[in-house]
Amino acid sequence: MFFLLPVLIILGLSPALLAWALAAYFSPEAYDIKPLKMLVVSFVLSLVIGMSVNIELESGMLSGIVFISVASFALSCVLIPLTIIYKYVRLRLAKNA
C-alpha cells in the first residue's frame with residue numbers, strides 16, 4: 001500500500017495543479033504565477049492544517065489523502081485571487097515609487 005502513496009498524492013493534487021495552471025495561463029504575464037511552486041505551497045499548508053486540526057481519520061490513510069486533496073484545492077481557490085491581488089498591488093507600488 002505504501003508504494004501507491006505517491007501516486008495517490010499526485011492524483012489527489014491534480015485538481016489544485018489544474019487550478020494553478022489555469023490561473024497562470026489566464027493571468028497577465030506581468031504577474032508571473034508559477035503553478036508548481038504554488039502547488040507546493042498549498043500542499044504544505046494543507047498538511048499543516050491537517051496536523052493542527054488533528055482530525056480523526058476513521059478510514060486510515062486513504063481519508064488523509066482525500067483530506068489533503070480537498071484542502072489543497074480549497075486553499076488554491078483562496079490563494080489564487082490573493083496572489084493576483086498581491087502582485088497587482090506590488091506592481092502598482094513599484095510604478096508609483
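The values are calculated or read from the model by the stated rules, or taken from the named source; none is laboratory data. Keep in mind that what you see is a predicted model, and the values were worked out from it rather than measured. Accessible surface areas use protein heavy atoms only, side chains included; no ligands, DNA or RNA. Shrake-Rupley method; radii C 1.70, N 1.55, O 1.52, S 1.80 Å.
Counting only the Cα atoms, the chain fills a convex hull of 95 Å³ per residue. Relative to the longest principal axis of the C-alpha atoms of the chain, give the angle of the C-alpha long axis of helix 35-53, reported between 0 and 90° and rounded to the nearest 10°. It works out to around 50 degrees.
Angle, helix 61-96 long axis vs. longest principal axis of the chain, Cα atoms, 0 to 90°, nearest 10? Result, in degrees: 10.
Determine the per residue accessible area of the chain with all protein chains present and a 1.4 angstrom probe, expressed in square angstrom.
That works out to 71 Å² for each residue.
Taking all protein chains as present, what is the carbon and sulfur share of the accessible area of the chain, in % to the nearest whole number, probe 1.4 Å?
Result for the chain: 75 percent of the exposed heavy-atom area is carbon or sulfur.
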